[in-house]
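For reference, the structure is listed below as structure tokens.
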Amino acid sequence: MVTLHALTDHARQLVLSPNRSMDWKGNLYVLLAASVVLLILAVGMALNGAWLVLPFAGIEIIALGSAMRLTLRKLDFREVITVQNGVLRLERGRDIPDFNLTFPQQSVRFLVDGPDRPMGLPLIDLVALGHCYRLGEFLNRADRFKLARVLKEQLNLQVSKYNTFQRTSF
């Protein structure tokens, strides 16, 4: 998901995050509903003599809850690009930034490599001070095109196609 926020007249913030259908609270409701159904079935089987089903029902509920939590933790990742007073800041992380870089805005260039095949994903790189940083690897196809458009039109940053730039390995 690509969202643009105007912090002040001269400051803009672009937040990139993976798509997710529900937050943790919504997933807790799904887990609760699945647990109720599972426990009703397990108790019914236990009353008919298959008591060994109860511990496995508990294990299934714990496994489902753990899988939901791990998935949501992975989808909580964000990349934040802030442009303010001629400075571009790139931050990556979950709750707090694990990765934080600051560049002069004039030294930053964004490269967009169009998809090789009809339904391929475009690649978007931030190139600054001799280093290349891949942006939005978790974004879907439509969001990557939106990111390229927002960088060029809304943030007025330099966006180039790969064929106009000599790519080198660093």
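Summary table below
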{"quantity": "Debye, to nearest 20: dipole size of region 22-170, +1 on Lys, Arg Cβ, -1 on Asp, Glu Cβ", "calculated": "380 debye"}
{"quantity": "Rg/Rh ratio calculated on Cα atoms of region 51-94 (Kirkwood radius)", "calculated": "1.48"}
{"quantity": "Of the DSSP H helices in the chain, those whose Cα atoms cover at least 15 Å axially and whose Kyte score averages 1.0 or more", "calculated": "24-47, 53-74"}
{"quantity": "Helical mean residue ellipticity (222 nm; -39500 (n - 2.57) per DSSP H run of 4+; nearest 500) of the chain", "calculated": "-11000 deg cm²/dmol"}
{"quantity": "Residue order, fewest to most beta carbons within 10 Å, for THR8, THR102", "calculated": "THR8, THR102"}
{"quantity": "Residues ILE61, ILE81, ILE40, sorted so that the one with the fewest Cβ neighbours within 10 Å comes first", "calculated": "ILE40, ILE61, ILE81"}
{"quantity": "Evaluated over region 24-74, the Cα radius of gyration and Dmax, each in Å", "calculated": "12.5, 41"}
{"quantity": "Label of the coordinate-derived value, semi-axes √(5λ) of the Cα gyration tensor in Å, listed as (i) 30, 25, 21; (ii) 46, 17, 14; (iii) 32, 20, 15", "calculated": "(ii)"}
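Where a number appears in this text, it was derived from the coordinates with a stated rule and is not lab data. Only a predicted model underlies this, so the values are computations on that prediction, with no experimental measurement involved. Neighbour counts are summed over all protein chains in view; Cβ atoms, including those assigned to glycine, are modelled from backbone coordinates with ideal geometry.
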